[in-house]
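Peer 1: Here it is, the structure, as structure tokens.
The values are calculated or read from the model by the stated rules, or taken from the named source; none is laboratory data. Bear in mind the structure is a predicted one, so any value in this text is a computation, not a measurement. Glycine also receives a Cβ, built like all others from the backbone with ideal geometry; neighbour counts cover every protein chain displayed. Keep in mind that these areas ignore ligands, DNA and RNA; they rest on the heavy atoms of the full protein, side chains included. Shrake-Rupley method; radii C 1.70, N 1.55, O 1.52, S 1.80 Å.
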Amino acid sequence: MPEATTSYVYVGARTTRERNARGDGLNVYRMDNATGAWTHLQLLGDLVNPTFLAFDRSQRFLYTVHGDLSDITAMAIDPATGALRVINQQSTEGKNPVHLAIDPSNRFVVVANHITSTLALLPRNDDGSLGAVIDLVKLEGKIGPHRVEQPFAKPHQVEFDSSGRFIIVPDKGLDVIFTYRIDAEKGRLVQAAAPVQAREGAGPRHVAFHPGGKLAYVVNELDSTVTTYRFDPADGALTPFQIVSTVPDTFTGNTRAAEIAVSADGRFVYASNRGDDSIAIYAVDAANGRLSSVGWTLSGGKTPRFFALGASDKFLFVANEDADTVNLFTRDATSGRLVATGQTVKIGSPVCIVFKTV
């Protein structure tokens, strides 16, 4: 099959004064997959804090949670133009939903409510619309030692493993990573493997799976590290065996790690730093999954909360939240290194990017 020449790009942003945000809603672009250049198509300006986005499994529909609020919105994608049309909105029955994921059967949506320490399960209908919450799970445990950032359980992500059987939930407040699964018959979230304890004060934030299905990499926000885990696809258990820093040893300031991703070929891992304002690059040892540092690339702006690989991993796009830019980098598939292209898209307070191949 020839490689697609075009993608649609959807960019979420913070929009509220309480966050000192400058975003104007959810923006839609067309991307040239050969050059990485973006052309603006649409603005949904009536969406407040569309801060994390995810497609359904058919990529006919797009969903966004609304950060700092208590809602999730379902949207239909026009296949001819990439434009979005709002279908409906539902409550997540919690505060500050920060992440969502759609299960492989396309029947359920899972949401992490960061401030109210809950996981919500909503039904998804064939027309893309969402039903009301059918299960709400409260996460509990011993809080971490950070007096400001760890006052209670703070789930930050709900990520399905490559098989789609298990949901991994890094919890920043408890220094714990939970494993859940969906009981589809009962419409319930069920804890699977025993939770795994992270290093005290680490603040696990996001997880990315190796394409081989037996390794997981967790970026820890508060101590700016990445932990490598063995993942058991039989029961969803995680076993840690390596921790590496996300910042160079010459950086002595304050910084928080944010996002993590694994290249499609499984050879490299990337993580972002807010403070050092860089992307850390690691090579993956094919024999054992251990990480070794390749180096760091400056994000070209301030506070790279999010980044994403796009267009067959040829490019890496960095959302610099406090610089109001998305910067384009080319990626060397052999070395894993990133090179700034000078291409920048101006977007107020960007915090999430997803791609749909045309």
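Peer 1: Just for strands (runs of 3 or more DSSP E) wholly inside segment 307-358: which have at least 2 residues that are open to solvent by 10 Å² or more (accessible area, probe 1.4 Å) and within 15 Å of Met31 (Cβ to Cβ)? Give the steps one after another, and end with the answer.
Peer 2: Numbers: elements: 315-320, 325-331, 338-346, 350-357.
Counting at least 2 such residues, we get 325-331, 338-346, 350-357.
Peer 1: Those residues that are farther than 17 Å from Pro151 by Cβ and of a type in the set (D, E, K, R), I need them from segment 194-218; list them, please.
Peer 2: Result: Arg199, Lys214.
Peer 1: Could you tell me which numbered condition Tyr180 fails, if it satisfies all but one of (1) outside any loop (DSSP other than H, G, I, E, B); (2) surrounded by fewer than 17 Cβ atoms within 10 Å (Cβ to Cβ)?
Peer 2: Result: Tyr180 fails condition (2) only.
Peer 1: Six or more apart or on different chains, Cβ under 6 Å: which pairs go from a residue in segment 191-208 that's closer than 16 Å to Ile167 by Cβ and among the β-branched types (Val, Ile, Thr) to one that's part of a strand (DSSP E or B) and open to solvent by less than 10 Å² (accessible area, probe 1.4 Å)? Could you list them?
Peer 2: Filtered contacts from segment 191-208: Val196/Ile177; Val207/Ile168; Val207/Pro170; Val207/Ala216; Val207/Val218.
Peer 1: From Arg256, Arg205, Arg199, grab the single residue that is open to solvent by 60 Å² or more (accessible area, probe 1.4 Å) and either under 19 Å from Phe307 (Cα atoms) or within 18 Å of the chain's Cα centre (by Cα) (or both). Reasoning before the result, please.
Peer 2: On the way: Arg205 fails: open to solvent by 60 Å² or more (accessible area, probe 1.4 Å); Arg199 fails: either under 19 Å from Phe307 (Cα atoms) or within 18 Å of the chain's Cα centre (by Cα) (or both).
Every option except Arg256 fails the conditions.
Peer 1: Follow-up question, since we're still on this one. Of the residues that sit in segment 259-295 and are under 17 Å from the mean Cα position of the chain (by Cα) and part of a loop (DSSP other than H, G, I, E, B), which one is surrounded by the most Cβ atoms within 10 Å (Cβ to Cβ)?
Peer 2: Among those residues, the one meeting the criterion is Ser263.
Peer 1: Turning to a different aspect of this structure: Hey, does segment 272-280 have a residue that's at positive phi and modelled with pLDDT of 95 or more? Even if it seems obvious, please write down each step before you answer.
Peer 2: First, pick out the residues of segment 272-280 that are at positive phi: 275, 277.
Subsequent filtering for residues that are modelled with pLDDT of 95 or more retains 275, 277.
Scanning segment 272-280, I find at least one residue that is at positive phi and modelled with pLDDT of 95 or more, so the answer is yes.
Peer 1: Of all residues in segment 214-230, how many are among the small types (Gly, Ala, Ser) and either open to solvent by 10 Å² or more (accessible area, probe 1.4 Å) or in a strand (DSSP E or B) (or both)?
Peer 2: If we filter segment 214-230 for residues that are among the small types (Gly, Ala, Ser), which is where we start, we get 216, 224.
Still in the running and either open to solvent by 10 Å² or more (accessible area, probe 1.4 Å) or in a strand (DSSP E or B) (or both): 216.
So the answer is 1.
Peer 1: Looking at Gly301 and the list (1) of a type outside the set (S, T, N, Q); (2) more than 30 Å from Arg22 (Cβ to Cβ); (3) surrounded by 15 or more Cβ atoms within 10 Å (Cβ to Cβ), which single condition is not satisfied?
Peer 2: (2)
Peer 1: Taking the stated definitions as given, is Glu185 touching a residue at least 12 places away in the same chain (Cβ under 8 Å) and either open to solvent by 30 Å² or more (accessible area, probe 1.4 Å) or among the charged types (D, E, K, R) (or both)?
Peer 2: In short, no.
Peer 1: Just checking: which of the strands (runs of 3 or more DSSP E) contained wholly in segment 69-173 hold 1 or more residues that are buried (at least 21 other Cβ atoms within 10 Å of the Cβ) and under 18 Å from the mean Cα position of the chain (by Cα)? Walk me through it before giving the result.
Peer 2: Details: elements: 71-77, 84-91, 97-102, 108-113, 118-123, 135-138, 167-171.
Filter on segment 69-173 gives 71-77, 97-102, 108-113, 118-123, 167-171.
Peer 1: Within segment 53-98, how many residues are of a type in the set (D, E, K, R) and under 15 Å from Ser129 (Cβ atoms)? Please lay out each step first, then the result.
Peer 2: So in segment 53-98, the residues of a type in the set (D, E, K, R) come out as 56-57, 60, 68, 71, 78, 85, 93, 95.
Those left that are additionally under 15 Å from Ser129 (Cβ atoms): 56, 60, 71, 85.
Total meeting the criteria: 4.
Peer 1: Separate question: How many residues does segment 57-68 contain that are in contact (Cβ under 8 Å) with a residue 60 or more places away in the chain and over 15 Å from the mean Cα position of the chain (by Cα)?
Peer 2: Adding up the residues that qualify gives 3.
Peer 1: Working only within segment 92-111, note down all residues that are polar (S, T, N, Q) and under 12 Å from Phe52 (Cβ atoms).
Peer 2: So the first thing to find is which residues in segment 92-111 are polar (S, T, N, Q), and the list is 92, 96, 105-106.
Scanning segment 92-111 gives Thr92, Asn96.
Peer 1: Among the residues of segment 9-53, how many are open to solvent by less than 20 Å² (accessible area, probe 1.4 Å), out of contact with any Ser or Thr (no Cβ under 8 Å at 6 or more places or on another chain) and farther than 18 Å from Val351 by Cβ?
Peer 2: Matching residues across segment 9-53 total 0.
Peer 1: Residue by residue through segment 69-97, note down the ones that are in contact (Cβ under 8 Å) with a residue 60 or more places away in the chain and of a type outside the set (A, V, I, L, M, F, W, C).
Peer 2: Here is the first cut: in segment 69-97, the ones in contact (Cβ under 8 Å) with a residue 60 or more places away in the chain are 77, 82, 84.
Answer for segment 69-97, where residues must be in contact (Cβ under 8 Å) with a residue 60 or more places away in the chain and of a type outside the set (A, V, I, L, M, F, W, C): just Gly82.
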